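Each remark here refers to the structure printed beneath this line.
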Amino acid sequence: MKKIILSAIMLFGLAFTAQSQEISKNALGIRLGDNNGFGGEVSYQLGLNQKNRLEFDLGWRNSSDVDAIKGVALYQWVWNIDGGFNWYAGVGGGLAAWDHDYYNNNYRYNDSGTYVFAAGDIGIEYRFSEVPITLSLDARPEIGSGYYDDDNFGFDVGLGVKFRF
């Protein structure tokens, strides 16, 4: 009877460890989206343990009318769906600065500022086992004050490619 109980415990332990998905200690990549004019972000992930990580994103915009920079920090929880598929959710916030300078004929508009915001994050990712690449699709709602487009709410859907190391 002891052998059956011990075998059952070992079998359950093996089943639970086979379902866990290891988070990479480090991942660096890009995230493409369009929240308040920020089209691209450099993204860095730092794995804290098997189910939690930090993500830091730095976005910028440099156009003829608007120059802006935006930093975001998120704490994420990660759950394995199946194999290399994970889904994740997170919370965090950020800081941004912008400068809007528009000149057309005799009309000139110049304004600048900074804003802080709170952000959420929910997404799905696939980790390739053959190569150290992770593809992701996520949604990031943001709420804050002082956006340059006079809107206090932002919503971003982004595609990401990260290289694990």
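Where the second residue is loosely packed, with under 13 Cβ neighbours inside 10 Å and part of a loop (DSSP other than H, G, I, E, B) and the first is on the phi > 0 side of the Ramachandran plot and lies in the stretch 116-137, which pairs have Cβ atoms under 9 Å and are six or more apart or on separate chains?
That search, which allows pairs on different chains as well, returns nothing.
Show the residue pairs meeting these rules: Cβ distance below 8 Å; 6+ apart or different chains; first residue within the stretch 68-81 and closer than 14 Å to D138 by Cβ and part of a strand (DSSP E or B); second residue open to solvent by less than 30 Å² (accessible area, probe 1.4 Å) and among the β-branched types (V, I, T).
Sorted first by the residue in the stretch 68-81, then by its partner, the pairs are V78/I23.
Within the bounds of the stretch 143-150, is there any residue that is of a type in the set (V, I, T), without any contact (Cβ under 8 Å) to a residue 40 or more places away in the chain and closer than 22 Å to G39 by Cα?
There is at least one residue in the stretch 143-150 that is of a type in the set (V, I, T), without any contact (Cβ under 8 Å) to a residue 40 or more places away in the chain and closer than 22 Å to G39 by Cα.
How about the stretch 62-90: which of its residues are open to solvent by less than 60 Å² (accessible area, probe 1.4 Å), at pLDDT 90 or above and among the hydroxyl-bearing types (S, T, Y)?
Within the stretch 62-90, just Y88 meets the criteria.
For the stretch 91-131, give me each residue that is open to solvent by 70 Å² or more (accessible area, probe 1.4 Å) and not in a strand (DSSP E or B).
Matches in the stretch 91-131: N105, N106, S129, E130.
Count, please, the residues in the stretch 147-163 that happen to be surrounded by 14 or more Cβ atoms within 10 Å (Cβ to Cβ) and modelled with pLDDT under 65.
2
Which condition from (1) out of contact with any Leu (no Cβ under 7 Å at 6 or more places or on another chain); (2) open to solvent by 10 Å² or more (accessible area, probe 1.4 Å); (3) assigned to a strand (DSSP E or B) is the one that G59 breaks?
(2)
Which of the residues spanning the stretch 76-125 are over 19 Å from S64 (Cα atoms) and out of contact with any strand residue (DSSP E or B) (no Cβ under 9 Å at 6 or more places or on another chain)?
Listed by number, the list holds a single entry, D82.
Whether any residue in the stretch 65-73 is of a type in the set (D, E, K, R) and within 18 Å of Y44 (Cβ to Cβ) is what I want to check.
yes
The values are calculated or read from the model by the stated rules, or taken from the named source; none is laboratory data. Predicted, not measured: the structure shown is a model, and the values here were computed from it. Every residue, glycine among them, receives a Cβ derived from its backbone with ideal geometry; neighbour counts consider all protein chains shown. Each accessible area value is taken on the protein alone, full model and side chains, heavy atoms only, with ligands, DNA and RNA left out. Shrake-Rupley method; radii C 1.70, N 1.55, O 1.52, S 1.80 Å.
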